[in-house]
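See below for the structure under consideration.
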Amino acid sequence: MTLAIPFKEFSKDPVKGILFITLVAVGYLYVDNKMNYQGQIEMCYSKTMQLEKKVDRLTQHVIKSDSALAVAATKLRVLTKLNKIEDI
């Protein structure tokens, strides 16, 4: 493996060498950070899809419960009007 800056050049002007090393490090960290965020985005997307399915299922249960409650309330009103049961 050869260095991009030979040691002689680095010893003559260490600022350029340090700047080069810093540039490589910042580039690596940028790419690594992007990959990490991409993984988090994909994980959040799959979790969001699971939660949307769960919300849809629960919404259907609420609709069924609301319908059953409406039927029960209507039957109660009818039976009360027919004096089959006493008013509460």
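The values are calculated or read from the model by the stated rules, or taken from the named source; none is laboratory data. Here the structure is a predicted model, which is why all the values come from computation and not from measurement.
Within the range 30-54, being among the aliphatic types (A, V, I, L, M) and modelled with pLDDT under 95 holds for Val31, Met35, Ile41, Met43.
Scanning the range 1-54 for residues that are of a type in the set (Val, Ile, Thr) and assigned to a helix (DSSP H, G or I) gives Val15, Ile18, Ile21, Thr22, Val24, Val26, Val31, Ile41, Thr48. Looking only at residues in the range 55-86 that are of a type in the set (S, T, N, Q) and assigned to a helix (DSSP H, G or I), the one that is modelled with the lowest pLDDT is Thr80.
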